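S.K.: After the structure tokens below, expect a handful of questions from me.
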Amino acid sequence: MTRRVRCYDCESTFELEARKRCTCGEPLWFDVDASGFEWPTDGTAGVWRYADVLPVADSVGISEAAGATPLVRSPRLDGYAGCRLHLKLEGQNPTGSFKDRGSAVGVSYAVDVGREWIGTVSHGNMALSVAAHAASASLECAVFVPEDTPEERLELIARHDPHLLQVVGDYGRLYQETLALESAVEFVNSDTPLRVAGQKTVAYEILEAFAPSVPDAIALPVSSGGQASGVWKALLELEAAGLIDDVPRLYLVQAAACDPIATAFRNGTSTVTSVDGNETIAVSIANADPPSGTRALTAARETGGAVVSVPDDEIRDAMWRLSTTAGLSVEPSSAVAVAGLRRLARDGELDADEDVVAILTGSGYKERFEADSESRRIELDALERALETLVGA
Ligand SMILES: *Cc1c(COP(=O)(O)O)cnc(C)c1O
Ligand SMILES: [Zn+2]
């Protein structure tokens, strides 16, 4: 088990305790030798099934419940998405998003090295996730949220009783400073090595489900680039282990209103720079200055994939299709993956017979959304007539 971290770009290595970002400015990930890794034969499920390639082996508290999410075929959406569509249901994690994988590893690691504090900088799912995992592990938890975080979100997070701080000032600067400052708090922000280590397990699960075959592509929404980095890292490790010959193409999808990584991809530039982001319904992925943007861009390019963006009306449509034809209520930021596939198929990037996995990153049950369907009122005394009218007898 390694606790050294390496830069994907310039390959420098460091001790995790010493640095969370490389001297070159790029993010770090754990320097794992996966060459001897084999698919586990024991019955452990979830994140800890892949303990051999994680920086900590023992789960603490609710972290035991992270991962092992269902992977379902949804043939009724094949025509819409333009491929043979498989859906990875990350909304089924304990706090309803894939963030639980990274929190599970982060919190378990903090306990393992004797830390008393864990922290995060987030405006939503990650704050909720870290607060819940910390509560179950008896860790003190500091959650820094932007000043304008909606009241409903604050209430969800507050249920786990963290130290909740609303910060007045630039969110991007706050993110970087929490990682650079010396403090007793172990920060597990979006693209930190511990979080990326936990989040790579979603790809281990997908690839193990397909083994010995391999899906043609994996599509996911991207904001900070942390999850995309984790998925890419998993593919590199599985390739090093000799468990996959072909590497699936990574398709990363952003909301058109705030798409710095897709912009860099379109322009053919080698690094991602910040954009002036506008509002989008996909609030969980609206990051105008993504800390792992360049790493995510590299992941898409190196795997032969792409980074695309989709407007809000297409996100809304994909969300509606998912709920009415697949029975899945997801947040807009998750529906983005399916909207992106539809666009890629229209552009001729996908073949109808290709197996593609869309990662549905978060549950739709945390927020309210207007549905197009209306309910009707009936009198109980008129039940029989109402039933006949309903089924058209
Ligand atoms: C955090 C989040 C994302 C984006 O993940 P990054 O690792 O920041 O790129 C996508 N969808 C949902 C639901 C999220 O909570
Ligand atoms: Zn570097």
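S.K.: Could you give each residue of region 43-52 its phi-based ³J(HN,Hα) in whole Hz, using Karplus coefficients 6.51, -1.76, 1.60 with θ = phi - 60°, and x for Gly or Pro?
M.R.: Whole-Hz 3J(HN,Hα) from phi for region 43-52: x, 4, 10, x, 3, 6, 4, 9, 3, 4.
S.K.: For a Förster distance of 51 Å, can you work out the FRET efficiency between the beta-carbons of R4 and T389, rounded to the nearest 0.05?
M.R.: The formula returns an efficiency of 0.15 here.
S.K.: Add -39500 (n - 2.57) for each DSSP H run of 4 or more in the chain, then divide by its residues: what number comes out at 222 nm, to the nearest 500 deg cm²/dmol?
M.R.: Value at 222 nm, helices only: -10500 deg cm²/dmol.
S.K.: Please report the net charge: other residues with Cβ closer than 12 Å to the Cβ of A34, K and R +1, D and E -1.
M.R.: -4
S.K.: How far apart, in nm, are two points set 7 Å out from the Cα along the Cα-to-Cβ line at E302 and at L179?
M.R.: Distance between the two pseudo-spin positions: 1.7 nm.
S.K.: Oh, and also: Give the long-range amide H neighbours of S12: residues separated by 5 or more places, or on another chain, with amide H under 5 Å away, using H modelled in the peptide plane at 1.01 Å from N.
M.R.: Amide H to amide H, under 5 Å and 5 or more residues apart or across chains, S12 pairs with C7.
S.K.: Only helices at least 15 Å long along their axis, Cα-based, and averaging 0.0 or more on Kyte-Doolittle count here, so list those DSSP H runs from the chain. Show your work: numbers first, answer last.
M.R.: Details: long enough: 99-112 (20 Å, -0.21); 125-136 (17 Å, 0.88); 226-240 (21 Å, 0.27); 312-325 (19 Å, -1.01); 332-346 (21 Å, 0.41).
Flagged H segments are 125-136, 226-240, 332-346.
S.K.: State, to one decimal in nm, how far the label point of T269 lies from the label point of R376, with both points 7 Å from Cα in the Cβ direction.
M.R.: 5.5 nm
S.K.: Note down the relative contact order for region 279-382 as a percent, whole number, built from C-alpha pairs under 8 angstrom at least six residues apart.
M.R.: Rounded, it is 25 percent for region 279-382.
S.K.: Then there's this: Mind listing the long-range amide H neighbours of A34? Cut-off is under 5 Å, sequence gap 5 or more, other chains count too, H placed in the peptide plane at 1.01 Å from N.
M.R.: Long-range HN contacts for A34: none found.
S.K.: Name the residues whose placed amide hydrogens come within less than 5 Å of the amide hydrogen of R4, ignoring near sequence neighbours (fewer than 5 apart) on the same chain.
M.R.: D31
S.K.: Can you tell me which lysines have their Cα less than 16 Å from the Cα of K200? Leave out same-chain residues fewer than eight positions away.
M.R.: Excluding near neighbours in sequence, the set is K88, K99, K233.
S.K.: If the chain between R76 and D58 were fully stretched, how many nm would it gain, using 0.36 nm times the residue separation less the Cα-Cα distance?
M.R.: 2.5 nm
S.K.: Spin-label point model (7 Å from Cα, Cβ direction): what's the E152 to E239 distance in nm?
M.R.: Output for this residue pair reads 4.1 nm.
S.K.: Could you work out how much longer the chain between W39 and D112 gets when fully extended? Use 0.36 nm per residue separation minus the Cα distance between them, nm to one decimal.
M.R.: Working it through step by step, the gained length comes to 23.8 nm.
S.K.: I need to check one value: relative contact order of the chain, counting alpha carbon pairs closer than 8 Å and at least 6 residues apart, in percent.
M.R.: 18 percent
Values quoted throughout were computed directly from the atomic coordinates according to the rules given, and no laboratory measurement underlies them. Owing to the predicted nature of the structure, the values given are computational and were not obtained by experimental measurement. Note that we place each Cβ from the backbone using ideal geometry, even for glycine, and neighbour counts take in every protein chain shown.
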